[in-house]
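Worksheet: the structure to be examined is printed underneath.
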Amino acid sequence: MAGRIDAQQSSPAGLDHLIAHAPKSPSLAAWTFDPSDLRQDLRQLPIGVFDSGIGGLTVLEAILGLDAYNNDTLQPGADGRKDFEGESFVYLGDQANMPYGNYPAAGQIDYLRELILKDAIFLLGRRYWPDTNSTEPVFTKQPVKAIAIGCNTATAYGLTDINSALKTWNLPVFAIGVVQAGARGVVQLPDAVIGHESSIAVLATVGTCRSEAYPRAIQQALGQAGRRQPAILQKGFVDLAAAIEGDPQVLARNSVQQIVHRDIREMLESHKQSGSGQPISTVILGCTHFPLVKEQIINTLRDLRELKEEGQYPYQSLIAESIHVVDPAEWTARELFRSLALARLRAASTDQQSGSEPSIDFFISAPNPRCPSVQLGPDAGLDPSYKIARQPGQLTVEDTIVVPLQLDQIPAGSLNLIRHQLPHVWSGMKRQNDQ
């Protein structure tokens with residue numbers, strides 16, 4: 001399939017150039033970091049999470065709210081204390097360059113891979129801009145000790161590159177992604193839910209579906225567990241993530257609910273035409289934006305199951321009576337805890353305070369007003385045509401900059417979703433903006 005990424009795919013020249021460029025000391029230029037910052041005791045450094053926008057906040061919320069392990073023994077089982085108690089975090093939303101899912105469809109996979117690696121480099125470094133009007137960057141951000149990719153498309157196209165770069169740089173930092181964690185969540189479902197008589201539906205962006213990352217990861221995880229292989233179908237939602245982000249051009253055509261209904265019905269029609277007939281019993285929320293509209297997705301499936309047209313129920317046999325939802329965010333949080341414990345990178349227990357609010361620094365990318373080549377759209381963001389026309393390897397062109405996130409940079413609809421559905425994240429955002 002066009003756009004498929006294989007784990008052993010070689011790096012393009014632009015990516016190799018970026019890997020060679022990044023470990024500069026002192027790290028003054030864009031997309032650089034100081035390796036000496038990461039060759040000491042890392043335990044008190046923050047954990048980094050990134051996404052192409054606000055979707056990765058669902059992963060951060062799952063991390064902040066997780067209580068699945070005993071903090072003292074590290075064994076599975078809740079102990080009434082948050083598992084990441086005492087940790088601090090840095091979140092990056094690459095809002096200026098989103099949505100990442102559009103780049104594979106435009107044949108810009110190499111540029112997408114560069115964007116993803118740049119996100120990781122930002123987290124490893126100290127460099128950011130105080131605001132879009134600043135004339136110079138500052139270097140007071142803490143580097144991170146671990147990276148959680150809170151984006152399915154970025155995981156599919158960039159996790160291998162990030163891990164390869166970390167190995168090249170000889171850093172004791174690790175990276176995990178949501179796709180593999182989500183696949184391991186599928187393995188936890190009983191045989192009665194997944195098997196030869198049922199289907200798994202992966203709801204994701206077009207870019208994630210194009211990569212075939214989820215089918216491969218699910219098949220591998222089930223195979224390693226000696227489990228049966230169910231049918232897997234994918235549906236690439238073209239503009240749902242952008243609608244959730246509050247994109248005015250998308251929302252001018254359809255509401256979030258209309259997009260959900262349209263795309264799920266298209267998926268069911270395609271499933272019916274395939275002739276497989278295996279009802280969908282499991283839905284994977286394969287885009288980190290989608291947990292924000294989980295209720296609309298499940299209600300739409302239930303409504304379409306009961307839909308009656310001309311005396312017939314066209315979709316009833318294609319949707320199981322009970323739908324199981326796999327949210328990769330929760331499984332990413334679990335994997336992050338286990339990986340930190342295994343690497344002995346958890347924050348020192350002497351600095352943990354039970355019940356204390358975690359420290360979170362939120363950053364967002366924005367068009368660079370000082371870059372002469374930048375082309376803006378009507379919403380003051382990067383022009384969509386300009387975004388996908390850029391070429392990798394242009395490391396002297398800093399057309400986007402990373403600044404601390406301000407609440408007024410998030411569309412009102414998206415902010416409302418965060419406020420009501422991501423309470424830990426919302427609390428952290430308010431603290432940053434009140435300072």
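The values are calculated or read from the model by the stated rules, or taken from the named source; none is laboratory data. All values reported here derive from a predicted model rather than from experimental measurement. All Cβ positions, glycine included, derive from the backbone under ideal geometry; neighbour counts span all protein chains shown. Ligands, DNA and RNA are stripped out before the accessible areas are found, and what is left, the full protein with its side chains, is counted by its heavy atoms. Shrake-Rupley method; radii C 1.70, N 1.55, O 1.52, S 1.80 Å.
Quick notes on this structure:
- Relative contact order for the chain: 23 percent, from Cα pairs under 8 Å spaced at least 6 residues apart, divided by residue count.
- The distance separating the Cα centre of the range 313-349 from that of the range 144-166 comes to 17 Å.
- Share of alpha-carbon pairs per 5 Å distance bin for the range 211-284, given as whole %: 3, 13, 19, 18, 17, 14, 9, 5, 2, 0
- For the range 186-227, convex hull of alpha carbons as volume per residue, Å³: 71
- Helix 152-168 axis, angle to the chain major axis (alpha carbon atoms, nearest 10°): 40
- Sum of -39500 (n - 2.57) over DSSP H runs of 4+, divided by residues of the chain (222 nm, nearest 500): -11500 deg cm²/dmol
- Accessible area in square angstrom per residue, the chain, 1.4 angstrom probe: 42
- Kirkwood Rh, Cα atoms: Rg over Rh of the range 284-347: 1.26
- Members of K167/K387; K235/K272; K272/K308; K118/K141; K141/K387; K118/K294 lying beyond 20 Å, as alpha-carbon distances in this model show: K167/K387; K141/K387; K118/K294
- Once the Cβ-Cβ distance of N433 and Q312 is raised to the sixth power relative to R0 = 56 Å, the FRET efficiency obtained is 0.60.
- Crossing angle, helix 294-305 versus the chain [Cα axis fit, 0-90 degrees, rounded to tens]: 20
- Split the accessible area of the chain by element, probe 1.4 Å, and carbon with sulfur accounts for 48%.
- Based on the Kirkwood approach, the hydrodynamic radius assigned to the range 272-314 is 12.3 Å, with every pair of different Cα atoms included.
- In units of the compact-protein estimate 2.2 N^0.38 Å, the range 356-435 shows a Cα radius of gyration of 1.35.
- Longest exposed-site-free window of the chain, the sites being GluC sites (Glu not before Pro) in a DSSP loop that have at most 15 other C-beta atoms within 10 Å: 1-196
- Where the alpha-carbon atoms of the chain are placed on the principal axes, they occupy 70, 54, 44 Å, in descending order.
- Based on C-alpha pairs under 8 angstrom that are at least 6 apart in sequence, the range 303-435 has a relative contact order of 20 percent.
- The reciprocal of the average 1/r between distinct C-alpha atoms defines the Kirkwood hydrodynamic radius, which for the range 138-272 equals 17.1 Å.
- Net charge dipole, the range 234-386: roughly 380 debye, given to the nearest 20, about the Cα centre with Cβ charges of +1 for Lys and Arg and -1 for Asp and Glu.
- Difference of contour (0.36 nm per residue) and Cα-Cα distance, A341 to A192: 50.4 nm
- Selection of trypsin sites (Lys or Arg not before Pro), the range 301-352, meeting DSSP coil and at most 13 other Cβ within 10 Å: K308, R344
- Value of relative contact order over the range 71-227, rounded to a whole percent, pairs C-alpha under 8 Å and six or more apart: 21
- Taking all protein chains as shown and a probe of 1.4 angstrom, K272 keeps an accessible surface of around 80 Å².
- Convex hull (Cα only) mean projected area of the range 287-392, reported in nm² to one decimal: 14.6
- Gained length - A389 relative to S270, 0.36 nm times residue gap less alpha-carbon distance: 39.6 nm
- The modelled label-to-label distance between A380 and D16, using points 7 Å beyond Cα along the C-beta direction, is 4.2 nm.
- Relative to the longest principal axis of the Cα atoms of the chain, helix 256-274 runs at roughly 50 degrees.
- Area accessible to solvent at W129, 1.4 Å probe radius, in Å²: 20
- Percent of Cα-Cα distances greater than 19 Å, calculated over the range 22-119: 60
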